[in-house]
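The values are calculated or read from the model by the stated rules, or taken from the named source; none is laboratory data. It should be emphasised that the depicted structure is a prediction, and the values quoted were computed from it without experimental measurement. Quick reminder, even Gly has a Cβ in these numbers, built from the backbone with ideal geometry, and neighbours come from all protein chains shown. Keep in mind that these areas ignore ligands, DNA and RNA; they rest on the heavy atoms of the full protein, side chains included. Shrake-Rupley method; radii C 1.70, N 1.55, O 1.52, S 1.80 Å.
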Amino acid sequence: MINNLKKNQLHFNKTIVLVGFMGTGKTTVGRLLAKKTGLAFYDTDALIEDLEGTSINDIFLEKGEEYFRLIESKLLRELLAKKQIILSTGGGIVKSQENRDMIKASSISVALKSSPNSLIKRLKGSQKRPLLQKENFEENLIKLYNQRINLYDFADIIISTERKTAQKIATEIYDKVTRQYLKL
Ligand code: S3P
């Protein structure tokens, strides 16, 4: 007998793209969503590291942010062409209007939003984010947050992550997408 979850999985014929500021939990939530939907999971940062054979930190250091953004956009285009995947993206992918348009046109986009205080707690001490490896960590994070906050608003679904586990967030997204976008 096909239970409800399996039935939804069979009909889950959409791509979901997760966007959001660094530290909002896109990768963890994306993996959980992939399990729930039965779709393949991709993560732009992990793929860029594989493609370049080095860490995001080193790419920024050796080749610069502009180079990173070029690969990120190229990869995004390729991944969106795959259809029916769960894709977690780097926090800065939305800086490009073209990327935002591509995501909007080819997927159900989901923005994860966290408060600056939660982000400060989550990101403090992270060695993996080149844009935050500067003095005045908090000041710098808040500045970037304020510059970027509206860039996530294009998403079809906006989810607050405050006081929620990754599992709860994944379930919330799954339920919303199933209700609003899938004809079962
Ligand atoms: C970036 C976010 C990072 C990574 C790179 C740049 C950004 O991804 O792509 O360090 O500009 O916000 P996460 O959002 O997964 O940390």
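Some points to look at:
- Pairs, first of a type in the set (S, T, Y) and open to solvent by less than 20 Å² (accessible area, probe 1.4 Å) in region 23-36, second within 16 Å of the ligand (Cβ to nearest atom) and outside any loop (DSSP other than H, G, I, E, B), C-beta under 8 Å, six or more apart: T24/L112; T24/K113; T24/L119
- Selection within region 82-101 - modelled with pLDDT of 95 or more and either open to solvent by 30 Å² or more (accessible area, probe 1.4 Å) or in contact with a Gly (Cβ under 8 Å, 6 or more places away or on another chain) (or both): I86, L87, S88, G91, K95, S96, Q97, E98, R100, D101
- The set of residues in region 37-54 that are open to solvent by 40 Å² or more (accessible area, probe 1.4 Å) and closer than 23 Å to S126 by Cα comprises Y42, D45, A46, L47, E49, D50, L51, E52, G53, T54.
- Flag if K134 is more than 13 Å from the ligand (Cβ to nearest atom) and either among the acidic types (D, E) or at pLDDT below 95 (or both): no
- Any hit, region 62-69, residues being over 13 Å from the mean Cα position of the chain (by Cα), of a type outside the set (D, E), open to solvent by 40 Å² or more (accessible area, probe 1.4 Å) and modelled with pLDDT under 95: no
- Residue in region 166-182 that is part of a loop (DSSP other than H, G, I, E, B) and polar (S, T, N, Q) present: no
- Selection of region 126-159 for residues being part of a helix (DSSP H, G or I), free of Cβ contacts under 8 Å to residues at least 40 places away in the same chain and surrounded by fewer than 17 Cβ atoms within 10 Å (Cβ to Cβ) yields F137, E138, E139, N140, I142, K143, N146, Q147, N150.
- L18 away from the ligand (no atom under 11 Å from the Cβ) and either part of a loop (DSSP other than H, G, I, E, B) or open to solvent by less than 50 Å² (accessible area, probe 1.4 Å) (or both): no
- Test result for I108, touching a residue at least 60 places away in the same chain (Cβ under 8 Å), in contact with a Lys or Arg (Cβ under 8 Å, 6 or more places away or on another chain), among the aliphatic types (A, V, I, L, M) and away from the ligand (no atom under 12 Å from the Cβ): yes
- Checked against the criterion of being surrounded by fewer than 19 Cβ atoms within 10 Å (Cβ to Cβ) and touching a strand residue (DSSP E or B) at 6+ places or on another chain (Cβ under 6 Å), region 160-171 contains one or more residues that satisfy it.
- Residue that is nearest to the ligand (Cβ to nearest atom), among those in region 77-105 that are in contact (Cβ under 8 Å) with a residue 60 or more places away in the chain and in a helix (DSSP H, G or I): I93
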